[in-house]
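Heads up: the structure comes next, in structure tokens.
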Amino acid sequence: MPVQPQISYRDLPQSPALDDLIRAEAAKLEHFFGRILNCRVHIEHIHRRHFRGSAYHVRIELSVPGEHLVVNHTDDTRPLSSGADGSERSGKPTEREVHHKDPQLAVRDAFRTATTRLQDYVRQRRDS
């Protein structure tokens, strides 16, 4: 039976497009391990970026037999510190900084990390 993710939002409106994306990404996890007991996804819009836009925090909790896998993914674009030569970077934002303005990319990145953690869990189970 496919896992139905429990989705919650904080400081952003519920989005049918994000809900569909999360369901699709959760279904992909089933390909790696078919015994996922529970999947919870929490998306939060972090309001602290005045110049570069706001970031999104995505938390994924996967319950699998004998383990609870948690992924905390924050698209955090802290101000760049001075470089090795002492100069501050400025100008066009990097590609990573642009991603922080898109909750769909934050969800995809978080699920990519969840996939890696789930694959590690499966590998450990198989080896023991």
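Among the listed residues H50, H73, H57, H42, which satisfies the condition of being at pLDDT below 95, over 20 Å from D120 (Cβ atoms) and touching a strand residue (DSSP E or B) at 6+ places or on another chain (Cβ under 8 Å)? Reasoning before the result, please.
Details: H50 fails: touching a strand residue (DSSP E or B) at 6+ places or on another chain (Cβ under 8 Å); H73 fails: over 20 Å from D120 (Cβ atoms); H42 fails: at pLDDT below 95.
Testing whether each residue is at pLDDT below 95, over 20 Å from D120 (Cβ atoms) and touching a strand residue (DSSP E or B) at 6+ places or on another chain (Cβ under 8 Å) leaves just H57.
Being touching a residue at least 12 places away in the same chain (Cβ under 8 Å) and assigned to a helix (DSSP H, G or I) is the filter here, so list the residues in segment 27-44 that pass it.
Within segment 27-44, the subset touching a residue at least 12 places away in the same chain (Cβ under 8 Å) is 27-30, 32-33, 35-44.
Answer for segment 27-44, where residues must be touching a residue at least 12 places away in the same chain (Cβ under 8 Å) and assigned to a helix (DSSP H, G or I): A27, K28, L29, E30, F32.
The values are calculated or read from the model by the stated rules, or taken from the named source; none is laboratory data. None of the values given here were measured: they were computed from a predicted structure. Here Cβ is always computed from backbone atoms with ideal geometry, including for glycine, and neighbour counts include all displayed protein chains.
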